[in-house]
Amino acid sequence: MGLLRYTLWRLAQSIPVLIGIITITFFLANQIPGDPVEIMLGPTPAQEQVEAIQARYGLDRPAHERFLTYLSGVASGDLGHSIYYDRPVLEMILLRLPVTLYLTVSAFLFAIVTAIPLGVISAKRRNKPADHVSRIVSLIGVSTPSFWIGLMLIIIFAFYLGWFPARGLPLPWADPADIRGAETQLQVIRTSLHHLAMPMVALGTLQMAQITRIERSSMVESLQGEYVKLARAYGVSESKIVRKHAFQVAQLPVITIIGLGLSTALGGAVLTETVFEIQGMGRLIITAINNQDYELIMGTTFMFGVAFVVGVIVTDVAYAYIDPRVAYGDE
Amino acid sequence: MATEPDPQTDTTADGSESGAGEVEARVGLRYTLKQVKRDTTALMGIYTVGFVTLIAVLAAIDYYIFDYAVAEMFWYSPVQDPDEVQRLLPPVGMENQFGAGVIEHPMGTDHRGRDIFVRLFYGTRIAITVGFMATGIGLVGGTLIGAVSGYYGGWIDDVLQRITETIYAIPFLVLVIAFMTAFGRDLTFAMIGVGITSIPVFNRLIRSRVVSIREEDYIEAARAAGVKDRNIILRHIIPNSFAPVLVQATLQIGVSILIVAGLSFLGFGAQPPTPSWGQMLSASRNYMLPAPTFSLWPGMAILVTVIGFNILGDGLQDALDPRINN
């Protein structure tokens, strides 16, 4: 029960933050130079056209009134209308968001799966060759621009070796009719994973490096704990100590760093999507900006914020699950 | 984690009130430098950062004072398109359909026939300026907000923390892009934008230090003696947080360079023809097949620079954290 109550409490806490995000986005969108009416209708529109557009988008009303309208719209799930695509903003987001989530979640899975063994081995063999290799790998990982990794992967694995496709990312649950060369759902999944490999590595490398660093230092600390000494004194085998005693405790800082890494990863998705020409949220916000599509800019920025807030809540709940003191604590 | 109190860890940077001579010497710039000199990795960091910064300073002098005249005298102009040079020359030692690379262009030429090495050299100026300026903005902003917030507590703390939390809640690349769309696409706004997004990092660090220092006896004593709040914050609390802030700032410079390179790659930041690494990578995207090395160099430059700041930051952390030394 404690965990459920904690989750609800964290969700309630995020409401002011979400309102804050909407405020910032609205303020920034309001500052964008240029007249949206002119962009839509060209430099010399007819007067009645201008008035019709202004009334439709509420541009004839003062800013605070528009803000309240927008806020209540968001609360009821209406993010406005995209001028560029001539479709509701929410519809565009629902079309693109799964692609970005698919990419980001896969990147994190790749990072976790590679980083945890690397960090544990590094901590177990502290200051030995394996540790040095792992530390150099993670140092390079945190220092390399993700989009450059993407470019290098494309040059090597797409252009020279021809192993992976250089662009696009079909979703694994897409309709086989829409995917070239795929007839069954299984083939769609295969095509999708084939496309996913390179962007996943490009986006996940930074996370992998950061998680490795934390996993290593956390495991080093955990292996020096009193209970580990006790277990050793009782003659528990070293591998069992690592698996049963040191590992779980050491994961708490790792979960925290995963939560913090979400911001970098979602931002990095904009770059990765550009490099691999993936039609996700990142490309959507760039298209919105290049076409001065105000409501789409606000909607996508807000949605990036929501994705981050939800991600942080998920990691917080995972933290509370491993360390119940958080959920049952000070309240 | 440890159940027993460890006398060494309790006196990391605020050793001045404990009175023990050995601990007292653990603060300040001189001690830091002494520790860093002992650490090979940190020294490598210092040399790399020093080398890159020196190049940036030379490039800046040539840009601001001589308008690239020095570059033209010894090499080529980093901004003007030459007439006779072939485009997309490969670097020395490589051959492809564009012919052998010539020694005059050790790294080859770009899509407009400009020398890549010269453009990399002058691109250093942008990377280093951006790294230091953006981190400086974040450092000053975050330190002030964190110190005020932690020192006063109460509603001031609540309001300031909710604001920084909200800034933090928008993925920072997205926030900077939205910020630059609103105010301007050039480098100044890139620096301010990245600076603003790093405010929460320093805010969190300083605030937690302040909250723990606030209750110390010497702060009580200063307050009782009638020292103004502003002076307590500026003279006692902020200097006492020197060590962790220095480490964080060094690492943050690397992060800022990476973010601004990403922004330039997307077309936000230094505008052509000003040479910048991110923009060179962006241009190289269209020539990945005929001239793959064009994409290689700017990335390597970013990598080496950021590694320099990261190992310097790690080295400083090892030098300043007595727990690791003992």
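Summary table
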| read-out | value |
| --- | --- |
| Residue match in the stretch B:186-195 (condition: more than 7 Å from chain A (Cβ to nearest Cβ) and among the polar types (S, T, N, Q)) | yes |
| Whichever residue in the stretch A:304-327 is among the small types (Gly, Ala, Ser) and away from chain B (no Cβ under 14 Å) and, among such residues, is farthest from residue A:265 (Cα to Cα) | A:327 |
| Among (1) assigned to a helix (DSSP H, G or I); (2) of a type outside the set (Lys, Arg); (3) facing chain A (nearest Cβ under 10 Å); (4) surrounded by fewer than 24 Cβ atoms within 10 Å (Cβ to Cβ) - the single one residue B:284 does not satisfy | (4) |
| Hits in the stretch A:271-280 - residues which are buried (at least 20 other Cβ atoms within 10 Å of the Cβ) and either facing chain B (nearest Cβ under 9 Å) or not hydrophobic (A, V, I, L, M, F, W, C) (or both) | A:271, A:272, A:273, A:274, A:275, A:280 |
| Qualifying residue in the stretch A:105-121 (condition: in contact with a Lys or Arg (Cβ under 7 Å, 6 or more places away or on another chain), crowded, with 17+ Cβ neighbours inside 10 Å and away from every other protein chain (no Cβ under 14 Å)) | yes |
| Any hit, the stretch A:75-97, residues being in contact with a Lys or Arg (Cβ under 8 Å, 6 or more places away or on another chain), modelled with pLDDT under 90, of a type outside the set (A, V, I, L, M) and in a strand (DSSP E or B) | yes |
| Residue list for the stretch B:228-248, restricted to those being open to solvent by 50 Å² or more (accessible area, probe 1.4 Å) and without any contact (Cβ under 8 Å) to a residue 24 or more places away in the chain | B:228, B:230, B:234, B:235, B:236, B:239 |
| Selection from the stretch B:40-62 of residues that are modelled with pLDDT under 85 and surrounded by fewer than 19 Cβ atoms within 10 Å (Cβ to Cβ) | B:40, B:41, B:60, B:61 |
| Complete set of residues in the stretch A:65-102 that are of a type in the set (D, E, K, R) and either crowded, with 20+ Cβ neighbours inside 10 Å or touching an Asp or Glu at 6+ places or on another chain (Cβ under 9 Å) (or both) | A:96 |
| Pairs where the first residue, in the stretch A:53-81, is more than 15 Å from residue A:301 (Cα to Cα) and the second is in a helix (DSSP H, G or I) and open to solvent by less than 40 Å² (accessible area, probe 1.4 Å), C-beta under 6 Å, 6+ apart | A:53/A:37; A:67/A:26 |
| Filter result for the condition that a residue is away from chain B (no Cβ under 14 Å) and either closer than 22 Å to residue A:285 by Cα or in contact (Cβ under 8 Å) with a residue 24 or more places away in the chain (or both), over A:50, A:89 | A:89 |
| Which numbered condition residue A:226 fails, given (1) of a type outside the set (Ser, Thr, Tyr); (2) touching a residue at least 12 places away in the same chain (Cβ under 8 Å); (3) open to solvent by 60 Å² or more (accessible area, probe 1.4 Å); (4) within 12 Å of another protein chain (Cβ to nearest Cβ) | (2) |
| Elements of type helices (runs of 4 or more DSSP H) contained in the stretch A:267-331, each with 1 or more residues being under 15 Å from the mean Cα position of the chain (by Cα) | A:281-290, A:294-322 |
| Helices (runs of 4 or more DSSP H) enclosed by the stretch A:109-223 - at least 2 residues per element that are in the same structural domain as residue A:283 (by TED's automatic domain parsing) and β-branched (Val, Ile, Thr) | A:129-143, A:185-223 |
| Yes/no for residue A:209 being farther than 30 Å from residue A:245 by Cα and either surrounded by fewer than 19 Cβ atoms within 10 Å (Cβ to Cβ) or touching a residue at least 40 places away in the same chain (Cβ under 8 Å) (or both) | no |
| Only one of B:156, B:192, B:167, B:163 that is under 12 Å from residue B:256 (Cα atoms) and surrounded by fewer than 22 Cβ atoms within 10 Å (Cβ to Cβ) | B:192 |
| Filter result for residue B:134 (open to solvent by less than 30 Å² (accessible area, probe 1.4 Å), over 21 Å from residue A:23 (Cα atoms) and in contact with a helix residue (DSSP H, G or I) (Cβ under 9 Å, 6 or more places away or on another chain)) | yes |
| The stretch B:267-281: number of residues that are surrounded by 24 or more Cβ atoms within 10 Å (Cβ to Cβ), assigned to a loop (DSSP other than H, G, I, E, B) and facing chain A (nearest Cβ under 10 Å) | 1 |
| Breaking point among (1) under 27 Å from residue B:33 (Cβ atoms); (2) of a type outside the set (Phe, Trp, Tyr); (3) not in a helix (DSSP H, G or I), for residue B:233 | (3) |
| Condition met for residue B:200 (under 25 Å from residue A:140 (Cβ atoms) and either touching a Phe, Trp or Tyr at 6+ places or on another chain (Cβ under 7 Å) or modelled with pLDDT of 90 or more (or both)) | no |
| Residue in the stretch B:181-200 that is more than 20 Å from the chain's Cα centre (by Cα), of a type in the set (A, V, I, L, M) and closer than 27 Å to residue B:306 by Cα present | no |
| Meets criteria (within 11 Å of chain B (Cβ to nearest Cβ) and modelled with pLDDT under 90) for residue A:285 | no |
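Listed here are the residues, each with its yes/no results for (1) under 30 Å from residue B:31 (Cβ atoms); (2) over 16 Å from the mean Cα position of the chain (by Cα).
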| site | (1), (2) |
| --- | --- |
| B:244 | yes, no |
| B:247 | yes, no |
| B:252 | yes, no |
| B:261 | no, no |
| B:265 | no, yes |
| B:274 | no, yes |
| B:297 | no, yes |
| B:300 | no, yes |
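The values are calculated or read from the model by the stated rules, or taken from the named source; none is laboratory data. Predicted, not measured: the structure shown is a model, and the values here were computed from it. Using ideal geometry, Cβ is built from the backbone for each residue, glycine included, and neighbour counts are taken over all protein chains shown. Just so you know, the surface numbers come from the protein's heavy atoms only, side chains and all, with ligands and any DNA or RNA stripped out. Shrake-Rupley method; radii C 1.70, N 1.55, O 1.52, S 1.80 Å.
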